[in-house]
Every structure is written in structure tokens, then in C-alpha cells.
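Undergrad: Submitted below is the structure of interest, expressed as C-alpha cells.
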Amino acid sequence: MKEVTEIKQYHRISETIINIARRLHQKNMLAAADGNISCRVNENEILITPSGISKAFMTPEEMALISLDNQTIQGEPSSEKIMHLTVYRQNPLAKAVVHAHPPTAIAWSVARPDLKYLPSHAVSETILACGDIPFVPYARPGTQAMGDNLKQFLPHCRALILSRRGALSWGETLEEAWMGMERIEHSSEILWKAHALGGLTFLPDEEIAELRALRQRIGNRLL
């Protein structure tokens, strides 16, 4: 049995996860039982949202607990747990992962399969807040292939669009991971509207280089 203080800590983290799930639902980035959120609570254990339940209406008691070596400790963990575990194994700094289905970000991957990255060099704030936002090649949800496809982008990218299926962001806190997801969809929507209004234009190369250098100086986190 876990100590009372540990149970209270897990309950508190679960409530934060649920709060983030509700924000995602309110912003139309989750539908039905879509999406999953996780948080690393110690060296070996990860709280993760359950499978088959609407994330906007979870309770802390429904949260699942898994180990870093993919053993289920309690509950019914998300079928996307391999993807989450890949992030934690590749990133010593990763403490939280958010996977959602932001509509505009997904639409970019469907309409423009030729793109390797979201064309974020059109907008200064996206460069500063996220850096590059790559399109991760498609793999069937819940498979090892999905985890394998992520590896080439880790740990240097914290905000990623999963082609034809969703997006993923990771951070050193749950709040950072949430902000990454919000930034992915916000940037995707700005770029889509610019494209619809007449086409994308881009910042000069020297300005992009300066913005990238500034991002390095402020720490490469999701802002």
C-alpha cells in the first residue's frame, strides 16, 4: 500500500490533469473519449488518463498508474501509453505529456502532407514560444511504430503534430505541456487564416536566426 502522503500527492496531480483535460475539451481539442495526458510522479511511476473515458468528465479515482517499463500498477491506462513512455525514456527533463486532437493542426497534416514542419517561420511568437513544430510521420495509434516515429524529434522538439491524427506536447510541468498544445493549435489557426486570406509570407532569414538565438537564450521551454 502506498503511504497516505503519496496517495494525496497522486490525487492532487490527478486533479490537475483533469483540469487540463477540461481546458482542452472547452477549446475543442478533445471529443468523446479522445486524447490522453500523463505526468511522471517519481523515477519509475507515471499517472496516465484511463482508456475509453471522456477526459473532460474523469474523476481522480479513475486515473491509471503505470511503470516506466510498461507495467500496469493500477487502473486501465490509455492505449497510447507507448507514445507517452517513449517521451519519458528519451527525455530526462520530461515530466508531463499531453496528446490531443487540435482540429486546425490536424487539418494542416491532411491538406499538406508535403510539409515537414508547420511553416512557423512566418510568425515570430511561434518561433520564440515553440521553435520548430514538426509533422511526425503517420503510424497507427497505440503501436510501437508511433513511439518509434517520435524518437527522431526528441528531445529537441517539445511541440509536435502527429500526422493525420493529433498533436503531442511535453514539458517539465503539466502546465508547460498544456501551453504547448494550446500554442500548436493557435499557431496552426493563424497560419491557416493567413493562407486563406491570400497566402503565407515569411520573416527574413536573418530575423529568423535572431529569434532562434533568443529562444536558445530564454531556455527552449514552451511559452
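The values are calculated or read from the model by the stated rules, or taken from the named source; none is laboratory data. All values derive from a computational prediction rather than experimental measurement. Backbone-built Cβ (ideal geometry, glycine too); neighbour counts: all protein chains shown. To get the accessible areas, we keep the full protein, side chains included, count just its heavy atoms, and leave off ligands, DNA and RNA. Shrake-Rupley method; radii C 1.70, N 1.55, O 1.52, S 1.80 Å.
Undergrad: Identify, from the list Ala107, Ala100, Ala96, Ala56, the residue that is in contact (Cβ under 8 Å) with a residue 12 or more places away in the chain, of a type in the set (Gly, Ala, Ser), within 17 Å of Gly180 (Cα to Cα) and out of contact with any Ser or Thr (no Cβ under 7 Å at 6 or more places or on another chain). Step through it out loud before you land on a result.
TA: Working: Ala107 fails: within 17 Å of Gly180 (Cα to Cα); Ala96 fails: out of contact with any Ser or Thr (no Cβ under 7 Å at 6 or more places or on another chain); Ala56 fails: within 17 Å of Gly180 (Cα to Cα).
From the options Ala107, Ala100, Ala96, Ala56, the qualifying one is Ala100.
Undergrad: In this structure, does Leu197 turn out to be over 19 Å from Pro134 (Cα atoms), in contact with a strand residue (DSSP E or B) (Cβ under 6 Å, 6 or more places away or on another chain) and open to solvent by 10 Å² or more (accessible area, probe 1.4 Å)?
TA: no
Undergrad: Would you call Asn28 within 13 Å of His101 (Cβ to Cβ) and out of contact with any Gly (no Cβ under 9 Å at 6 or more places or on another chain)?
TA: Values: within 13 Å of His101 (Cβ to Cβ): yes; out of contact with any Gly (no Cβ under 9 Å at 6 or more places or on another chain): yes.
Spelling it out, Asn28 is indeed within 13 Å of His101 (Cβ to Cβ) and out of contact with any Gly (no Cβ under 9 Å at 6 or more places or on another chain).
Undergrad: Another question, if that's okay. Go through the range 25-51 residue by residue and tally those that are among the β-branched types (Val, Ile, Thr) and farther than 17 Å from Pro92 by Cα.
TA: 3
Undergrad: Taking the condition of being under 28 Å from Val97 (Cβ atoms) and either at pLDDT below 95 or of a type in the set (Lys, Arg) (or both), how many residues in the range 167-212 meet it?
TA: Within the range 167-212, residues that are under 28 Å from Val97 (Cβ atoms) and either at pLDDT below 95 or of a type in the set (Lys, Arg) (or both) number 2.
Undergrad: Now for a different question. Just checking: which of the strands (runs of 3 or more DSSP E) contained wholly in the range 1-115 hold 1 or more residues that are crowded, with 21+ Cβ neighbours inside 10 Å?
TA: Once the strands (runs of 3 or more DSSP E) in the range 1-115 are filtered for at least 1 residues that are crowded, with 21+ Cβ neighbours inside 10 Å, what remains is 36-40, 45-48, 64-67, 96-100.
To keep it simple, each residue is scored yes or no on (1) closer than 20 Å to Glu175 by Cα; (2) β-branched (Val, Ile, Thr); (3) modelled with pLDDT of 95 or more.
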site: Ile37; (1), (2), (3): yes, yes, yes
site: Arg40; (1), (2), (3): yes, no, yes
site: Glu45; (1), (2), (3): yes, no, yes
site: Ile48; (1), (2), (3): yes, yes, yes
site: Phe57; (1), (2), (3): yes, no, no
site: Met63; (1), (2), (3): yes, no, yes
site: Asp69; (1), (2), (3): no, no, yes
site: Ile73; (1), (2), (3): no, yes, yes
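Undergrad: If you don't mind, there's one more thing I want to ask. Out of Arg158, Arg89, Arg140, report the one residue that is in contact with a strand residue (DSSP E or B) (Cβ under 6 Å, 6 or more places away or on another chain) and either without any contact (Cβ under 8 Å) to a residue 60 or more places away in the chain or of a type outside the set (Gly, Ala, Ser) (or both).
TA: That would be Arg158, the only listed residue that is in contact with a strand residue (DSSP E or B) (Cβ under 6 Å, 6 or more places away or on another chain) and either without any contact (Cβ under 8 Å) to a residue 60 or more places away in the chain or of a type outside the set (Gly, Ala, Ser) (or both).
Undergrad: Within the range 147-165, how many residues are within 9 Å of the chain's Cα centre (by Cα) and open to solvent by less than 10 Å² (accessible area, probe 1.4 Å)?
TA: Selection size over the range 147-165: 3.
Undergrad: Residues that are out of contact with any Leu (no Cβ under 6 Å at 6 or more places or on another chain) and of a type in the set (Val, Ile, Thr): does the range 129-137 have at least one?
TA: no
Undergrad: Oh, and also: For the subset of the range 116-128 comprising residues that are part of a helix (DSSP H, G or I) and open to solvent by 40 Å² or more (accessible area, probe 1.4 Å), which member is nearest to Gly180 (Cα to Cα)? Quick ask: steps written out before the conclusion?
TA: From the range 116-128, those part of a helix (DSSP H, G or I) are 120-122, 124-128; that's our starting set.
Still in the running and open to solvent by 40 Å² or more (accessible area, probe 1.4 Å): 121, 124-125.
On the way: His121: 17, Ser124: 16, Glu125: 13 Å.
Restricting to residues being part of a helix (DSSP H, G or I) and open to solvent by 40 Å² or more (accessible area, probe 1.4 Å), the top hit is Glu125.
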